[in-house]
Amino acid sequence: MQRILIIEDDPKIAEHLQAYIQKYGFASFIVDDFDHVMEHFQKYKLDLVLLDINLPSYDGYYWCRQIRKQSICPVIFISARVGEMDQVMALENGGDDFITKPFHPEIVIAKIRSQLRRAYGEYAVQVEERVLELEGIKLYPERLKLTVKDKAVPLSKWEADLIESLIERYPRVAGREDLLEKLWDDQMYVDENTLNVNITRVRKKFEAVGMKGAVETVRGVGYR
C-alpha cells in the first residue's frame with residue numbers, strides 16, 4: 001500500500017483529504033506538529049507528499065527544500081494561492097505539481113496517481129542503479145545507503161552527495177571550496193561550518209558500519 005503524508009494546517013481540509021485518499025486504497029498520515037515536519041516525514045516510508053504553502057513557523061517552500069535534501073518522492077502543493085508566481089515558486093523549490101483550493105477530490109486523486117506512475121510505475125524511467133565502490137565501501141546514491149561488508153546505514157541526500165564526491169576524488173584530496181561549490185551551489189551563502197557539520201555526520205555514518213577514521217582531514221586543503 002502506497003503511503004502519503006498530508007502537511008496541511010487546516011484540520012478539516014487535512015481530514016477531508018485523508019478520508020478521500022484512504023477511500024482509494026492509499027495509507028495516509030497527517031502532520032500535527034508544524035515545528036517538526038521532518039520528524040513526521042522520516043517516521044514513515046513515504047511515496048508522496050501533499051503540501052500546503054501557508055503553514056505555521058515555516059512555509060511549504062521551506063519544507064519542500066528540506067524534503068529534497070533527503071528524498072526524491074513526489075511533492076504536490078495544495079494551496080489557496082492562485083498566482084502564477086506561486087506555482088513557479090512551488091516548482092522551483094522542488095515541487096512536482098500544484099493544485100489550487102478549493103479543489104475537487106477527484107482531481108487530487110488523479111494527480112496523485114499520475115505522480116505515482118511517473119515516479120514508481122509504468123512511466124518511471126528505468127535506469128541502471130549506480131553503485132560506487134572503494135576498498136570494501138559501497139555507496140548507493142539513489143537509495144541513500146552506505147554499506148561495508150554486511151553492515152548498512154541510511155544517509156541524507158547531503159551525506160550521500162558528500163561521500164560520492166570523496167570517492168570520486170580518491171586518492172586525491174577533495175578541496176573544501178570544491179565541495180562547498182558542488183554540494184551547495186544553489187545557496188547564495190553557506191558558512192564553512194556547514195561543511196564541518198556534514199563531514200562530522202559522514203564520519204559518524206562510517207563509524208556506524210565499522211570504519212573509524214575513514215575520512216581524513218588534510219589541513220588547509222580539504223578531505224580524503
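All of the numbers you see were taken from the coordinates with simple rules; none came from a lab. This one's a predicted model, so the numbers in the text were calculated from it and none came from an experiment. Neighbour counts run over all protein chains shown; Cβ positions are idealised from the backbone, glycine included.
Some notes on this structure:
- Computed from the C-alpha gyration tensor, the three semi-axes of the ellipsoid equivalent to the range 3-120 are 18, 16, 15 Å, from longest to shortest.
- Here the spin labels are modelled as points 7 Å beyond Cα on the Cα-Cβ line, and at residue 9 and residue 201 they lie 2.5 nm apart.
- Cut-off 13 Å between beta-carbons: net charge of the residues surrounding residue 74, Lys and Arg +1, Asp and Glu -1: +3
- Among 152, 90, 160, residue whose mean-square fluctuation peaks in a GNM of the chain (springs only between Cα atoms under 10 Å): 152
- Put a plus charge on the Cβ of each Lys and Arg, a minus charge on the Cβ of each Asp and Glu, and nothing anywhere else: the dipole of the chain about its Cα centre is then about 900 debye.
- Once the Cα-Cα distance is subtracted from the 0.36 nm per residue extended length, the residue 114 to residue 32 segment shows a gain of 26.9 nm.
- Number of Lys pairs (Cα under 19 Å; 8 or more positions apart or on different chains) in the range 3-120: 6
- Packing-based exposure ordering (other Cβ within 10 Å, fewest first) of 38, 211: 38, 211
- Anchor residue 204: aspartates and glutamates whose Cα lies under 15 Å away (excluding residues fewer than 8 positions away in-chain): 159, 216
- The Rg/Rh ratio for the range 132-223, using Cα coordinates for both the radius of gyration and the Kirkwood hydrodynamic radius, is 0.94.
- The range 54-71 and the range 1-50 have Cα centres spaced 14 Å apart.
- Scaled against 2.2 N^0.38 Å for its residue count N, the alpha carbon radius of gyration of the chain is 1.14.
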